[in-house]
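Step one of this worksheet: look at the structure below.
Since every read-out is calculated from the coordinates, none of them should be taken as a lab result. Only a predicted model underlies this, so the values are computations on that prediction, with no experimental measurement involved. Positions of Cβ are generated from backbone atoms using ideal geometry, with glycine treated the same way; all protein chains shown enter the neighbour counts.
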Amino acid sequence: MTSTTTHSLAIAAKGLHKAYGDKTVLDGIDLAVPAGTVFSLLGPNGAGKTTAVKILSTLITADAGDLHVGGHDLAVAPQAVRAAIGVTGQFSAVDGLITGEENMLLMADLHHLSRSEGRRTAAELLERFDLVEAAKKPASSYSGGMKRRLDLAMTLVGGPRIIFLDEPTTGLDPRSRHNMWQIIRELVSDGVTVFLTTQYLEEADELADRIAVLNDGKIAAEGTADELKRLIPGGHVRLRFTDPAAYQSAAVALREVTRDDEALALTVPSGGSQRELRSILDWLDSAGIEADELTVHTPDLDDVFFALTGSTDTADVPAQSKETVR
Amino acid sequence: MSTLALAVRDSNTMLRRNLLHARRYPSLTLNLLLTPIMLLLLFVYIFGDVMSAGIGGSDRSDYVAYIVPGILMMTIGGTVIGTAVSVSTDMNEGIIARFRTMAIHRGSVLIGHVIGSLMQCLASVVLVGAVAIAIGFRSTDATPLEWLAALGLLALFSLALIWIAVGMGMASPNAEAAANSAQPLILLPLISSAFIPADTMPGWFQPIAEYQPFTPAIETLRGLLLGTEIGNNWWIAILWCVALAVLGYRWSTASFNRDPK
């Protein structure tokens, strides 16, 4: 690796490997995150996302791999790496026994800020994260969203240039999630590098410059959201019927469709452009078919995710780019 | 910042954090004080006359003098249960993971616990000592130097038990397990010379009672405060303290430096 690439990359990993006993968690993954960008590691539960964050943030050691964070070798200079990073883990890293403000001042002390500087930084961040009212209450009394905000506020005390966020919105309600996204966007606009893990495709799509899909300890695909979407076949139009007879006759009339007998739905391949949509509608009209519901489905990260990870569990994954036309 | 300055500054920060916990939630420390105080009152006011006769004294005031050094050592054994519990609780907190990813002095988390516990031990000893004085305990002939030595012994003994308790806390999966594993530290005084002289115990048991860590420490404290024969107890006590402290330190730091789960 030349020195120029080392400098422009905030995080560089080559052949990162980690196993617990005979269970391989990370099977030689490569990562390259340019400074000032948001990189998202996307994957289902148990894919190894948290392990990757723990290793890159010096919490645990890798079994093998050439790892650099902030230009420092993790194996040689972990303390220099620690000085460059901030970490907000999946599980709240706040001290529940003391107040939010005391948590902030604790961080200020550990970053060796002067008393006045520490007080100022704590006050600013509490204000920015909307925690002023709760500042004097013990952190254990905070709601999930407040704890997460305090957690991130604590991470920012030292002004880290590289921030690891391990599933920062897992378990948050939609409003708190959107707040968190806004906060992350602000960080990025300050030039901070963000390494984000998430199981929400929507989140990676919203925030990340580049996305790597981690599955079973390996990077299944990497690229921008658009690049990943291009990896899988195009979208489709879905026609749903309430009357079984209408469904049957439509299925016979439209032969180039995929049938879903249980849902009484037909899937017609389509790129989703206005022209393609009109031709489908014309075709339906001429065949005398009237569907009860028509949805246009453009390929989104869900499709990529399921195609790459072989999972069909859609339970908590909201589909994004569907518009219903009635 | 030099390594030493960093160590001092970060340890001081961690110490303040632990003292804040102790001040905000004093119930753990106070509960642990109950056992030695209750035993002191029980043995003096309920069993006192018989116990006094047993050690060849005339009335229970003689037994007060006998029992207090042991009760003070037991107070330390009880207080460090709190150390094991709070270390174990702390290690399960996400904030410890945060500390590990910060550029702070690596040992400061444990040092903060140890110094905080030492202060609590000494405060507990002073409190129990005040109860002892209130019920009539008086040092008969201790010179200022002997008082100082007594204080030093109490501090050294505290430090030794604290490091062991920190190790127990590190090794325990949760607070209950930590409390259980540290339980012997408050029970050991029962089979020492704290309540009755070791030479009145069954012959086969005497070596155990005489050479376990509490007895030499108690006998040395007794000698310093009441002028009884110390003999070789002082260096056995110091040897025990140093050995336990080193063992506990190595155990704790090795546990802390291992990759967390």
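What Kirkwood radius, in Å to one decimal, follows from the Cα pairs of the range A:105-188? Kindly include the intermediate steps, with their values, before the conclusion.
Working: mean 1/r = 0.0748 Å⁻¹.
By the Kirkwood definition, the hydrodynamic radius is 13.4 Å.
If I fit a long axis through the Cα atoms of helix A:144-156 and take the longest principal axis of the Cα atoms of chain A, what angle between them do I get, 0 to 90°, rounded to 10?
50
Give me the extension gain from residue B:50 to residue B:258: residue separation times 0.36 nm, minus the current Cα-Cα distance, reported in nm with one decimal.
Numbers: separation 208, 0.36 × 208 = 74.88 nm, distance 5.24 nm.
The span from residue B:50 to residue B:258 would gain 69.6 nm if fully extended.
Could you derive backbone 3J(HN,Hα) for the range A:14-22 from the dihedral phi with the Karplus parameters 6.51, -1.76 and 1.60 (θ = phi - 60°), listing whole Hz in sequence and x where the residue is Gly or Pro?
Taking θ as phi minus 60°, the curve returns 10, x, 5, 10, 8, 10, 10, x, 9 Hz for the range A:14-22.
Which of A:138, A:244, A:34 moves most in a GNM of chain A, Cα contacts under 10 Å?
The residue that fluctuates most here is A:244.
Show log10 I(q)/I(0) for the protein assembly as shown at q = 0.07, 0.09, 0.10 Å⁻¹, two decimals, from a solvent-free Debye sum over equal Cα scatterers.
Debye curve over Cα of the protein assembly as shown, log10 I(q)/I(0) at q = 0.07, 0.09, 0.10 Å⁻¹: -0.59, -0.81, -0.92.
Cut-off 16 Å, label point 7 angstrom out along Cα-to-Cβ of residue B:41: give me the residues of the range B:111-155 whose amide nitrogen falls inside.
B:127-137
Using 7 Å Cα-to-Cβ label points, what is the residue A:286/residue A:27 separation (nm, one decimal)?
5.0
If I take the Cα coordinates of the range B:11-71 and project them onto the principal axes, what are the three extents in Å, biggest first?
Sorted from largest, the Cα extents of the range B:11-71 read 52, 20, 12 Å.
For chain B, with a Gaussian network of springs between Cα atoms less than 10 Å apart, report the residue from B:157, B:47, B:214 with the top mean-square fluctuation.
Among B:157, B:47, B:214, the largest mean-square fluctuation in the Gaussian network model of chain B belongs to B:47.
Do the sum for the protein assembly as shown: with -39,500 (n - 2.57) for every DSSP H run of n ≥ 4, divided by all residues, what is the mean residue ellipticity at 222 nm, to the nearest 500 deg cm²/dmol? Before the final figure, lay out each step's value.
On the way: 24 runs with 314 residues, N = 587.
The helix contribution divided over the protein assembly as shown gives -17000 deg cm²/dmol.
Which loop-located GluC sites (Glu not before Pro) does the range A:107-183 contain, where loop means any DSSP state but H, G, I, E or B and the Cβ has at most 14 other Cβ atoms within 10 Å?
Details: sites: A:117, A:124, A:127, A:133; in loops: A:133.
When the GluC sites (Glu not before Pro) of the range A:107-183 are filtered for loop state and at most 14 Cβ neighbours within 10 Å, A:133 remain.
If you take all C-alpha pairs in the range A:221-265, what percent of them are over 16 Å apart? Each step should come with its number before you reach the end.
Numbers: 494 of 990 pairs.
Considering the range A:221-265, 50 percent of its Cα-Cα pairs are separated by more than 16 Å.
Can you tell me the alpha carbon radius of gyration of chain B divided by the globular rule-of-thumb value 2.2 N^0.38 Å? Walk me through the numbers on the way to the answer.
Numbers: Rg = 19.1 Å, N = 261, 2.2 N^0.38 = 18.2 Å.
For chain B, the normalised Cα radius of gyration is 1.05.
Between residue B:23 and residue A:73, what's the calculated FRET efficiency when r is the beta-carbon distance and R0 is 51 Å? Round to 0.05. Spell out each step's value before the answer.
Working: r = 42 Å, r/R0 = 0.83.
My answer for the efficiency is 0.75.
Taking the Cβ-Cβ separation of residue B:243 and residue A:130 as r and a Förster radius of 45 Å, what is the calculated FRET efficiency to the nearest 0.05?
Efficiency, rounded to the nearest 0.05: 0.25.
Run through the range A:253-290 and list the trypsin sites (Lys or Arg not before Pro) located in a DSSP loop whose Cβ has at most 14 other Cβ atoms within 10 Å. Intermediate results must be reported in sequence, preceding the final value.
On the way: sites: A:255, A:259, A:275, A:278; in loops: A:255.
Those satisfying the criteria are A:255.
To the nearest Å, what is the center-to-center distance of the range A:221-299 and the range A:52-126, using C-alpha atoms only?
50
To the nearest 0.05, how large is the calculated FRET efficiency for residue A:224 and residue B:119 if R₀ is 51 Å and r is the Cβ-Cβ distance? Intermediate values should be presented prior to the final figure.
Values: r = 56 Å, r/R0 = 1.10.
The formula returns an efficiency of 0.35 here.
State, to one decimal in nm, how far the label point of residue B:12 lies from the label point of residue A:143, with both points 7 Å from Cα in the Cβ direction.
4.0
In whole Hz and in residue order, list the ³J(HN,Hα) couplings for the range A:276-285 that follow from phi through the Karplus curve 6.51 cos²θ - 1.76 cosθ + 1.60, θ = phi - 60°; x for Gly and Pro.
Rounded to whole hertz, the list is 4, 5, 5, 5, 5, 4, 4, 4, 4, 4.
Pop out the ³J(HN,Hα) list for the range B:141-152 in order, Karplus 6.51 cos²θ - 1.76 cosθ + 1.60 with θ = phi - 60°, rounded to Hz; leave Gly and Pro as x.
9, 5, 7, x, 5, 5, 4, 4, 4, 4, 4, x
Taking the convex hull of the Cα atoms, report for chain A its projected area averaged over all directions, in nm². All intermediate terms of the calculation are to be shown ahead of the outcome.
Values: hull surface 83.0 nm².
Seen from a random direction, the Cα hull of chain A projects 20.7 nm² on average.
Can you tell me which of B:124, B:158, B:61 moves the most in a GNM of chain B? Springs connect C-alpha atoms under 10 Å apart.
B:61
Around residue B:48, under 10 Å between beta carbons, what's the net of Lys plus Arg minus Asp minus Glu among the other residues?
Details: positive: B:60; negative: B:49, B:59, B:62.
Net local charge, residue B:48 excluded: -2.
To make sure I understand the rule: partners must be aspartates and glutamates, Cα under 14 Å from the Cα of residue A:137, and not fewer than 8 residues away in the same chain. Which ones qualify?
Partners within reach: A:95, A:101, A:102.
Could you tell me the distance between the Cα centroids of the range B:212-236 and the range B:61-104, to the nearest Å?
For the range B:212-236 versus the range B:61-104, the Cα centre distance is 23 Å.
Between residue A:38 and residues 5 or more places away or on another chain, which pairs have amide H atoms under 5 Å apart, with H built 1.01 Å from N, and which residues are they?
Amide H to amide H, under 5 Å and 5 or more residues apart or across chains, residue A:38 pairs with A:194, A:209, A:210.
Report the net charge of residues surrounding residue A:27, where surrounding means a beta-carbon distance below 10 angstrom and charges are Lys +1, Arg +1, Asp -1, Glu -1. Could the numbers behind the result be given before it?
Numbers: positive: A:18, A:218; negative: A:216.
So the environment of residue A:27 carries a net charge of +1.
Counting only residues 5 or more places away or on other chains, whose amide H sits under 5 Å from the amide H of residue A:86 once H atoms are built in the peptide plane?
For residue A:86, whose amide H was placed from the backbone, the distant partners under 5 Å are A:162, A:163, A:164.
For the range A:1-147, what is Rg from Cα atoms divided by 2.2 N^0.38 Å, rounded to two decimals?
Normalised Rg, Cα atoms only: 1.23.
How many nm is it between the label spots at residue A:277 and residue B:232, if each spot is 7 Å from the Cα in line with the beta carbon?
Label at residue A:277, label at residue B:232, 9.6 nm between them.
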